[in-house]
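Report on the structure given below.
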Amino acid sequence: MSPRLALEAVAYRYGPSPVFERLDLAVAAGERVGILGRSGVGKSTLLQILAGLVAPGAGRVLLDGAPVRGPVPGCTVMFQRPALLPWGSVLDNVLLPARLSGRLGRDRAGCTAQARRLLDDLGLAERVEAKPHQLSGGQQQRVALARALASEPRILLLDEPFSALDPEMRSSLRADVLRLAKARGLTLIVVTHDLADVAALAERAVVLEGSPARIADDFPLGPEAGETLRRRLGAASRAAA
């Protein structure tokens with residue numbers, strides 16, 4: 001498979017400190033990749049570079065082989081915090097991408113029907129008029145997921161969106177993300193420090209280590225993804241020691 005999204009020799013500095021130097025990464029269309037690393041290694045910065053929200057100091061971001069400057073077309077990000085509009089209803093929040101793009105003005109009925117289908121698919125059909133403060137943390141993240149999918153992206157990037165949830169809700173939301181990503185054939189990239197996120201969502205694991213960060217390991221995940229991750233990362237820890 002040819003890469004849908006790629007980084008070539010990417011470098012980035014935070015003040016005087018290099019975060020990356022000549023980092024390469026390629027993700028195929030429809031591939032699901034988990035990027036693991038400790039806090040502060042640069043995972044979120046890497047995700048923002050992949051999305052085109054942060055420009056690299058050197059190197060290139062490629063979409064389907066073509067260099068991209070600025071936000072990557074067809075790519076959306078789901079962040080740690082849902083960042084919902086507090087004054088808007090659940091439906092208003094999911095319609096936000098259509099409003100910003102102008103689609104809502106051209107086809108309000110179609111956009112509203114699409115938003116309602118997404119909310120129904122995520123178990124929120126009865127909460128469309130609720131405000132964010134009336135929702136649980138898990139419900140807020142489901143609204144954020146519906147909003148992300150409402151723009152009909154080809155690429156979905158996840159920046160530890162499960163980290164503030166309890167274990168049961170985390171597992172449920174992971175299942176929703178995986179189900180919807182598969183149904184839409186999305187390219188999915190999740191950055192996290194949680195092995196369970198990668199085991200549940202990804203078919204490939206990429207491990208960031210060091211300062212400046214480098215790709216220390218890159219390997220496929222099969223049906224026993226959790227065991228593969230524990231074995232592979234445990235072996236790496238023992239080797240480093």
Original post:
Per residue of the chain, what 222 nm ellipticity follows from adding -39500 (n - 2.57) for every DSSP H run with n ≥ 4, rounded to the nearest 500?
Top reply: -11500 deg cm²/dmol
Original post:
Zone of Ser211 (label point 7 Å along Cα→Cβ, backbone N under 14 Å): which residues in segment 17-40?
Top reply: 17-20, 38-40
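Relative contact order for segment 87-184: what is it in percent, counting Cα pairs under 8 Å that are at least 6 residues apart? Show your work: numbers first, answer last.
Working: 78 pairs, mean separation 31.7, N = 98.
Relative contact order of segment 87-184: 32 percent.
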Original post:
Alpha carbon centre of segment 24-66 versus segment 80-152: separation in Å?
Top reply: 26 Å
Subject >> Degrees separating the helix 108-121 axis from the principal Cα axis of the chain, which is the longest one >> reply: 60 degrees
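When DSSP assigns beta bridges and you keep just the ones with both residues in the chain, what percent turn out antiparallel, to the nearest 5? Walk me through the intermediate numbers first.
Values: 21 of 40 bridges.
Of those bridges, close to 50 percent are antiparallel.
Given that compact globular proteins tend to follow 2.2 N^0.38 Å, what is the ratio of the alpha-carbon Rg of the chain to that value?
On the way: Rg = 18.3 Å, N = 241, 2.2 N^0.38 = 17.7 Å.
Taking N as the residue count of the chain, the ratio is 1.03.
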Subject >> For segment 73-121, convex hull of alpha carbons as volume per residue, Å³ >> reply: 99 Å³
Original post:
Sorted by packing (mean other beta-carbon atoms within 10 Å per residue), highest first, where do 211-219, 194-202 land?
Top reply: 194-202, 211-219
**OP:** Just grab the label-to-label distance for Arg60 and Asp218, each label 7 Å out from Cα along the Cβ direction, in nm (one decimal).
**Re:** 1.7 nm
Subject >> Solvent-free Debye scattering, log10 I(q)/I(0), computed from the Cα coordinates of segment 85-152 at q = 0.20, 0.21, 0.26, 0.27 Å⁻¹ >> reply: -0.69, -0.76, -1.15, -1.23
**OP:** Quote the relative contact order of the chain in percent (integer), defining contacts as alpha-carbon pairs under 8 Å separated by 6+ residues.
**Re:** 26 percent
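Need the full-extension length gain, Ser17 to Ser172, defined as separation in residues times 0.36 nm minus the C-alpha distance. One decimal, nm. Show your work: numbers first, answer last.
Values: separation 155, 0.36 × 155 = 55.80 nm, distance 3.84 nm.
Extra length from Ser17 to Ser172 when fully extended: 52.0 nm.
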Original post:
If packing is taken as the mean number of other Cβ atoms within 10 Å per residue, what is the order of 105-116, 75-86, highest first?
Top reply: 75-86, 105-116
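Of all trypsin sites (Lys or Arg not before Pro) in segment 1-96, which ones are in loop regions per DSSP and have a Cβ with at most 16 other Cβ atoms within 10 Å? The partial results should precede the final answer.
Numbers: sites: Arg4, Arg13, Arg22, Arg32, Arg38, Lys43, Arg60, Arg69; in loops: Arg38, Arg69.
For trypsin sites (Lys or Arg not before Pro) across segment 1-96 that sit outside H, G, I, E and B with at most 16 neighbouring Cβ atoms in 10 Å, the list reads Arg38, Arg69.
FYI, it's all coordinate maths here, none of it is from the lab. Small disclaimer: the values here were computed from a predicted structure and weren't measured. When we count neighbours, we look across all protein chains shown, and the Cβ atoms used for this are built from the backbone with ideal geometry, even at glycine.
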